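Visitor: There's a structure below that I have some questions on.
Please treat every number below as a calculation from the coordinates, not as lab data. The shown structure was predicted, so the numbers you read here are calculated from the model rather than taken from an experiment. Virtual Cβ from ideal backbone geometry, glycine too; neighbours counted across all protein chains shown.
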Amino acid sequence: MPPRLYNQIARAFIREKLPTMSREQCADLFAIVNCSMADAGIDSWHWKYQYDLWRPVVGIRQEADKKDSDVFWAPLGAPQTNAAVFNRTPNFPAYPSGHATFGAAMYQVLRLYFRTTSQPIKMADVLAFDSGAPAAKPKEAMVFVSDELDGRSRDPNGSVRTRVEHPIRSFAQGVWENSVSRVYLGVHWRFDGLPERGQPNQNIGGVALGLENGKNAWNAFKNRLLETAPDL
């Protein structure tokens, strides 16, 4: 489940930046993170069944225009770890991307809770990664090792995967990478997560939805914290 991954990212950030956070501060943060992702799940699945859009594995194979169709096209699929089941494509509608929505909500809460900048994450911040790597935000920089690439987990064929320590230079980078990764896997269209390049005002995709979920959750809880958030 995606929320498990995003909770792991939040924990990794705390371990790297603020290992002395109090129990109350952690309770505050993870309550807001998970409420934001609960809203993200409700919102994204509501719109999935409103739009009922096919995924690439169906759309590309069944495209009526034979110039653009490929009946043999196969996605990489969602990685299966430590199981003898090969990668698959999720069997629910594509738009908007649940991964993009969950991830954007979590990263937005991290920025607002820790006050790493004076502004929430905006779509323009995320789309900036389409054209390169904007300057890092040192307060947000971290290294993350996923369960899928930790040097112990195995592919369905039994081979051990290489350990990868992935640098995240800013929360906006995390939002962008999380969304476009699903395109490379072939399980989402780009617009399931993000607007067109250079079009931050387009209200399209799961990232826009998740960023708003994160802001709404923060606004609902910010005056009810058990303890003041720590300074980075």
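Visitor: With springs only between Cα atoms under 10 Å apart, run a GNM on the chain and tell me which of Ala135, Ala172, Ala217 wobbles the most.
Guide: Among Ala135, Ala172, Ala217, the largest mean-square fluctuation in the Gaussian network model of the chain belongs to Ala135.
Visitor: Which trypsin sites (Lys or Arg not before Pro) in segment 22-78 sit in a loop by DSSP (not H, G, I, E or B) and have at most 11 other Cβ atoms within 10 Å of their own Cβ?
Guide: The qualifying sites are Lys66, Lys67.
Visitor: Given a cut-off of under 8 Å on Cα pairs at least six residues apart, what relative contact order in percent is computed for segment 134-193?
Guide: RCO, segment 134-193: 30 percent.
Visitor: Which residue, Val183, Val126, Val164, tops the fluctuation ranking in a GNM of the chain built on C-alpha contacts under 10 Å?
Guide: Ranking Val183, Val126, Val164 by mean-square fluctuation puts Val164 first.
Visitor: May I pose another question? Over what distance in Å are the Cα centres of segment 38-52 and segment 132-201 separated?
Guide: Segment 38-52 and segment 132-201 have Cα centres spaced 22 Å from each other.
Visitor: Follow-up question, since we're still on this one. Between rounded, prolate and oblate, where does the chain land on the alpha carbon gyration tensor, with a ≥ b ≥ c its root eigenvalues, rounded for a/c under 1.5, else prolate if a/b exceeds b/c?
Guide: Cα axes put the chain in the prolate bin.
Visitor: With axes computed from alpha carbons, what is the tilt in degrees of helix 171-184 against the longest principal axis of the chain, rounded to the nearest 10 within 0 to 90?
Guide: Between helix and principal axis, roughly 10 degrees.
Visitor: What do you get for the angle between helix 23-51 and the principal long axis of the chain? Use alpha-carbon atoms, 0 to 90 degrees, nearest ten.
Guide: Tilt relative to the chain: about 30 degrees.
Visitor: For Asn157 paired with Ala31, estimate the spin-label separation in nm (one decimal), with each label point 7 Å from Cα along the Cα-to-Cβ line.
Guide: 4.9 nm
Visitor: Report, to the nearest 10°, how far helix 98-114 tilts away from the longest principal axis of the Cα atoms in the chain, using its own Cα long axis and a range of 0 to 90°.
Guide: Orientation of helix 98-114: about 10 degrees from the principal axis.
Visitor: Using a Gaussian network model of the chain with C-alpha springs under 10 Å, which one of Tyr51, Tyr95, Tyr113 is most mobile by mean-square fluctuation?
Guide: Tyr51
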